[in-house]
1. Which condition number in (1) away from the ligand (no atom under 15 Å from the Cβ); (2) among the β-branched types (Val, Ile, Thr); (3) surrounded by 20 or more Cβ atoms within 10 Å (Cβ to Cβ); (4) not in a helix (DSSP H, G or I) is the one that ILE173 fails?
2. Report, by residue number, each residue of the stretch 217-230 that is free of Cβ contacts under 8 Å to residues at least 60 places away in the same chain, hydrophobic (A, V, I, L, M, F, W, C) and buried (at least 24 other Cβ atoms within 10 Å of the Cβ).
3. Residues ARG200, ARG193: which one is surrounded by fewer than 24 Cβ atoms within 10 Å (Cβ to Cβ), within 11 Å of the ligand (Cβ to nearest atom) and modelled with pLDDT under 95?
4. Among the candidates ALA251, ALA302, ALA323, single out the residue that is under 15 Å from VAL211 (Cβ atoms), touching a Ser or Thr at 6+ places or on another chain (Cβ under 7 Å) and not assigned by TED's automatic domain parsing to the domain that holds ASP110.
5. Just checking, how many residues over the stretch 226-256 are within 12 Å of the ligand (Cβ to nearest atom), of a type in the set (A, V, I, L, M) and outside any loop (DSSP other than H, G, I, E, B)?
6. Please specify each residue of the stretch 262-301 satisfying the condition of being aromatic (Phe, Trp, Tyr) and outside any strand (DSSP E or B).
7. Counting just the residues of the stretch 12-31 that are outside any helix (DSSP H, G or I) and buried (at least 17 other Cβ atoms within 10 Å of the Cβ), which one comes out modelled with the lowest pLDDT?
8. Out of LYS245, LYS187, report the one residue that is more than 27 Å from LYS346 (Cβ to Cβ) and either outside the structural domain of ARG303 (by TED's automatic domain parsing) or in contact with a Gly (Cβ under 6 Å, 6 or more places away or on another chain) (or both).
Amino acid sequence: MIRNPDSDLLQESISLSVPKKQGEKAIQLLAKLRLLNRKLTPQALDDQLHVPLSRAPKPQEQELLESVLGQQSLLREEFRLRSETVGSLGKVLAQQLPSSIIPLVSNSFDVIGDIAIIELSPKAEPFEKDIAEALMKVHKNVKSVYSKAGPVTDNRRLRPLHHVLGVNRTQTIHKELGCRLKIDIAKAFFSPRLSGEHGRVAEQVRPGECVVDMFAGVGPFSILIAKRLNDVRIHAIDANPEAAKLIEENARMNKVQDRIKVWSGDARVVVKNNLEGIATRVIMNHPSQAREFLEPASEALARDGGMIHYYTFAEGADSESKARKELAGAMANSVWKLEKIMATRKVRGVAPMKWQIGLDAKIGPA
Ligand SMILES: C[S@@+](CC[C@H](N)C(=O)[O-])C[C@H]1O[C@@H](n2cnc3c(N)ncnc32)[C@H](O)[C@@H]1O
């Protein structure tokens with residue numbers, strides 16, 4: 001059994017963003033110019049296709065791209081490694097482990113900064129040191145390997161971890177979409193699998209907005225939004241004081257502390273006492289409990305309403321429709337009105353046939 005179907009590794013790359021309808025033409029031209037990064041997978045975000053590049057285009061190449069493709073922009077962001085590239089771990093493991101073990105491990109790890117976190121089935125556990133060694137051989141930047149040693153225990157969304165190999169240090173610096181994030185895997189939640197979602201939400205924010213990030217973790221949404229826009233106000237809340245401390249540090253490290261106010265405490269209380277009626281947008285990335293916070297999230301919005309990014313877990317073939325029904329049901333008795341669900345997407349797989357679902361919802365006064 002492969003436990004985490006979406007855990008391909010991510011790698012940062014310079015990229016070109018073009019309207020989706022230009023996608024095929026862009027890929028052909030980039031390949032001709034030897035600018036296409038074939039190790040990484042292009043990704044679709046809203047109506048744009050983001051194509052990873054092997055290097056920055058020279059000025060004359062840039063001119064050619066503009067004349068053929070029209071409107072486009074150069075970005076720096078993370079892409080999934082193509083499966084052939086990820087497969088190199090499988091090849092190294094194949095030399096060291098019984099072949100029956102390979103399918104159990106080849107897809108079940110995350111890399112955060114220079115730390116790898118593996119999740120092993122009981123059958124693969126006796127081989128954890130060999131697996132960790134192989135991982136460090138393939139991914140030269142990995143200095144420590146930990147394994148997940150139990151389920152998520154409390155509201156901080158942390159799991160117990162067990163040190164397997166390398167330096168026994170849980171702090172690291174992780175790069176995501178051009179931001180440097182200090183992470184402590186033992187003290188505050190972070191998942192590199194949410195990188196696409198952080199980018200997708202940040203891209204929607206416009207200058208002049210006020211954003212409330214209700215369950216901010218170490219601040220990946222907040223920091224990215226603040227890095228993209230000077231003219232923005234962000235309130236980043238987390239009930240875990242260690243997470244709040246890390247947001248403060250991350251804001252300073254990314255030089256955006258002037259536009260992020262960090263609140264350590266229960267989002268319900270922080271909003272009620274300080275943040276009612278101010279936001280154009282509220283981010284609710286706490287899928288297991290977001291539903292219980294819809295009232296304070298709506299109250300944080302300005303009086304004429306705004307956008308809520310709502311997250312939940314849902315299973316089965318109709319998971320997205322279940323998530324939409326959950327949000328509509330929860331808003332039915334509210335003094336606020338669910339005006340329109342603008343977008344629904346599967347953010348990441350969390351178990352076989354179970355996903356974190358993200359909804360962008362326009363909320364207005366009833
Ligand atoms: C799934 S994590 C999301 C982290 C972050 N948004 C990200 O994308 O990495 C949920 C976060 O909500 C925080 N949390 C849980 N209950 C909370 C509450 N009542 N008020 C504020 N934060 C809370 C947890 O400490 C955790 O950091």
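The values are calculated or read from the model by the stated rules, or taken from the named source; none is laboratory data. Only a predicted model underlies this, so the values are computations on that prediction, with no experimental measurement involved. Neighbour counts are summed over all protein chains in view; Cβ atoms, including those assigned to glycine, are modelled from backbone coordinates with ideal geometry.
1. Result: ILE173 passes all but (3).
2. VAL218, ILE223, LEU224, ILE225, ALA226
3. Details: ARG200 fails: within 11 Å of the ligand (Cβ to nearest atom).
Residue meeting the stated conditions: ARG193.
4. The conditions single out ALA302.
5. Residues flagged as within 12 Å of the ligand (Cβ to nearest atom), of a type in the set (A, V, I, L, M) and outside any loop (DSSP other than H, G, I, E, B) within the stretch 226-256 amount to 6.
6. PHE293 - this is the single residue of the stretch 262-301 that is aromatic (Phe, Trp, Tyr) and outside any strand (DSSP E or B).
7. Only one residue tops the list, namely SER13.
8. LYS187
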